Amino acid sequence: MVKRIKLGLLYSYNDNWIGGTYYILNMIRLFNLLPNYKKPTIYIIHEFNTSLIEIKEINYPYIVFKSIEIDIIMLKGFSHLSKYKIFANKLLLKFLGFKFFKEKEWLKSIDVLFLSDFNQYFKHIRKKIFWIPDFQDRYYEEFFTKDDLRYRREIHNIISKQENILFSSYDTLNDFNVFYPNTLNNKFIYRFVSLVDQSRLLSKENIKVKYGLDSQSYFFVSNQFWKHKNHIIILKAAKYLLDNSKLNFKIVFSGKTEDYRNPTYFGELMDLVTDYGLLSHLDFLGFIDRIDQLTLMKNSIAVLQPSLFEGWSTVIEDSKALNKLVIASSINVHKEQLGDKGYFFEKEDYIELSNLLHFIFSTELNTPDYRYDLVINGEMNNLYSILKDVSK
């Protein structure tokens with residue numbers, strides 16, 4: 001009988017970086033597609049106050065939930081025991097010969113930990129996989145605080161010395177090899193796939209009523225309002241389209257509007273919307289339910305992904321899973337994701353984007369066939385192979 005691998009997954013629901021949350025959820029869904037004998041036992045290691053509803057809805061058969069103290073998943077290297085407990089243990093060990101506050105025994109049974117952490121709490125886990133989603137900080141320092149830049153650089157430097165590293169794309173792996181040449185790590189690539197239960201999506205009519213949208217066809221943008229997501233290029237393209245055509249177009253946006261790094265950014269975009277006279281052509285829905293997001297995506301003319309930088313775009317994978325046409329900035333990772341099935345524009349060329357919007361709005365195009373069933377099957381086997389290799 002094949003030994004069932006025990007996988008520890010650090011999980012924290014975080015709507016400030018919802019892509020990271022979706023990454024873990026879809027990884028569990030992917031494992032759920034494996035033959036029963038290959039399915040790992042998954043230990044979900046989470047903070048006390050983490051919502052676990054999304055994971056429980058997957059109905060994965062071999063899953064264990066383990067809550068831990070709140071400072072564990074912070075990559076800060078602290079012990080899970082407070083300094084008072086550590087001091088008490090030292091006294092007890094010295095005078096009575098035992099510790100009262102013990103490490104958790106279940107940790108020692110885990111074969112592989114992912115997304116791994118440098119905390120001493122996990123020191124008994126033999127194999128660890130560290131994850132580097134991207135190197136955006138190397139290309140766009142202006143989008144980060146000094147503390148964030150220092151933190152990311154420190155973490156990447158430490159990860160570069162670890163045994164097993166997972167990358168989200170070949171593009172990110174290429175960056176790693178440039179920034180950290182001649183390393184001897186085991187380097188793996190898992191290219192995130194999106195598993196969507198389309199039976200849960202709402203009807204086109206219901207979703208429009210829910211958000212007060214009119215009957216007009218629309219393009220859809222679903223990114224957090226962070227500067228590197230490049231919403232401004234869409235506003236400029238929409239302004240150009242308004243001034244140079246008679247199209248009665250509509251663009252719908254969803255996504256969290258707050259960014260602690262640039263707290264005035266969304267307000268500045270809204271000022272531009274007013275200045276450009278675009279109020280009747282754009283709708284902003286804010287951070288919305290996942291099912292609603294996918295329903296709006298499914299019923300759009302096309303999905304726009306204008307980012308200046310991505311590690312591996314969740315939006316594009318969602319679009320592929322729904323067989324939607326995508327208009328994306330022509331950065332390397334978007335080309336890696338879409339191949340010849342995307343429509344691309346230079347990331348700062350609003351006229352090129354405007355022309356694409358006009359063309360797609362005015363033309364009856366066939367929906368792309370991403371053969372996503374094959375993509376899912378390929379990454380399912382790839383992910384299991386990575387886990388198996390690391391666990392040896």
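Couple of notes before you dig in:
- Between residue 182 and residue 150, the C-beta separation translates, for a Förster distance of 22 Å, into a calculated FRET efficiency of about 0.35.
- Å² per residue, accessible surface of the chain at 1.4 Å: 48 Å²
- Heavy-atom SASA rank of 149, 235 (probe 1.4 Å, accessible area, largest first): 149, 235
- Cβ charges +1 (Lys, Arg) and -1 (Asp, Glu), total dipole of region 181-262, debye: 160 debye
- Calculated mean residue ellipticity, 222 nm, the chain: -11500 deg cm²/dmol, from DSSP H runs (n ≥ 4) at -39500 (n - 2.57) each, averaged per residue and rounded to 500.
- Share of carbon and sulfur in the accessible heavy-atom surface of the chain [1.4 Å probe, %]: 52 percent
- Signed unit charges on C-beta, dipole axis of the chain, positive-most listed residue 251, 311, 338: 311
- Considering only alpha-carbon pairs that sit under 8 angstrom and 6 or more positions apart, the relative contact order computed for the chain is 15 percent.
- For the chain, size of Cβ-based charge dipole, Lys and Arg +1, Asp and Glu -1, in debye: 2280 debye
- Projecting the Cα atoms of 145, 23, 294 onto the dipole axis of the chain, where Lys and Arg carry +1 and Asp and Glu carry -1 at the beta carbon, places 23 farthest toward the positive end.
- For region 310-392, the Cβ-based charge dipole about the Cα centre amounts to some 340 debye (Lys, Arg positive; Asp, Glu negative; other atoms uncharged).
- Computed accessible area, residue 228, all protein chains, 1.4 angstrom probe, square angstrom: 10 Å²
- For residue 33 and residue 245, the difference between the fully extended length at 0.36 nm per residue and the C-alpha to C-alpha distance is 71.5 nm.
The values are calculated or read from the model by the stated rules, or taken from the named source; none is laboratory data. Computed from a predicted structure; not experimentally measured. Ideal geometry is used to build each Cβ from the backbone, glycine not excepted, and the neighbour counts take in all protein chains shown. Protein only, heavy atoms only, side chains kept; ligands, DNA and RNA dropped before computing areas. Shrake-Rupley method; radii C 1.70, N 1.55, O 1.52, S 1.80 Å.
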